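Visitor: Have a look at this one.
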């Protein structure tokens, strides 16, 4: 009878353990101030990009020359640009473009970097070829490589995504490869070889899951860098072309009237700073959350 009672208690014990795990997770999450702050900033900006266009009442392309360069007021909260367009509306729509491109670039770079890094770590012949290509791309400063690619491809959102994906993939590939090389030498991988497991199964079922944590952390930094790079390309005239709104080309227009209309530079610049700050705080917080010992190492 005692054994039966113990068996009956198993579901209760499991439920209690799961509850304790959830409590520990949330306790660790809210104790990590960097990640909480980064998540808050990123969620707010993400909501602005997603639902902001439904809340603003102006057309981002509608020009009212009579209202050009009006200072912030009750009618135009962030003022108007050189063509009389509402600046708040253009920044909100620009958030969709800049953050959307950053997200797509991050996803493409992460997937390509994961595939390249995994296969380079497993096959020595591929390692020499793929890593030398990555070294060659990384030897060129990212923004210069992006400008060169945009000069060859032409300015458009799709080409910006292609160019920036090429720029950021090698860095992710090297990080995945370094993690995968360590995992490949573990005893359980040797056991899988001894059991006759295929290379594909070993790579994707046993090595890949163990590289996800550093990949996610690096992806947050790539997201931030992609937003800055897109803004830089648009600022230089090689990215998103006017009249489509982008934080970069709004800044480019603002530099011509910076002493007359300061709001055209301050507000889109603040949007870029906040998004990059939020993503970097999130990345630092994730790194400490995934590896609690890393914060101790940094303090020594």
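The values are calculated or read from the model by the stated rules, or taken from the named source; none is laboratory data. Predicted model, so just to flag it, every value in this text is computed and none were measured. Cβ: placed from backbone, ideal geometry, glycine included. Neighbour counts: every protein chain shown.
Visitor: Mind checking which residues of the stretch 40-83 are at positive phi and either free of Cβ contacts under 8 Å to residues at least 40 places away in the same chain or more than 31 Å from the chain's Cα centre (by Cα) (or both)?
Guide: Selection gives 69 alone.
Visitor: Give the number of residues within the stretch 206-236 that are in contact with a helix residue (DSSP H, G or I) (Cβ under 9 Å, 6 or more places away or on another chain) and more than 30 Å from residue 254 (Cα to Cα).
Guide: Selection size over the stretch 206-236: 13.
Visitor: Quick check: is even one residue across the stretch 207-221 closer than 26 Å to residue 156 by Cβ, surrounded by 14 or more Cβ atoms within 10 Å (Cβ to Cβ) and touching a residue at least 24 places away in the same chain (Cβ under 8 Å)?
Guide: Yes, the conditions are met somewhere in the stretch 207-221.
Visitor: Let me ask something else about it. Got a sec? Which of 254, 278, 285 is assigned to a helix (DSSP H, G or I), within 18 Å of the chain's Cα centre (by Cα) and at pLDDT 90 or above? Show your work before the answer.
Guide: Values: 254 fails: within 18 Å of the chain's Cα centre (by Cα); 285 fails: at pLDDT 90 or above.
278 is the lone residue from the list that is assigned to a helix (DSSP H, G or I), within 18 Å of the chain's Cα centre (by Cα) and at pLDDT 90 or above.
Visitor: Test residue 64 against the stated conditions and say whether it is farther than 22 Å from residue 269 by Cα and in contact with a strand residue (DSSP E or B) (Cβ under 8 Å, 6 or more places away or on another chain).
Guide: Values: farther than 22 Å from residue 269 by Cα: yes; in contact with a strand residue (DSSP E or B) (Cβ under 8 Å, 6 or more places away or on another chain): yes.
Judged against the criteria, residue 64 is a match.
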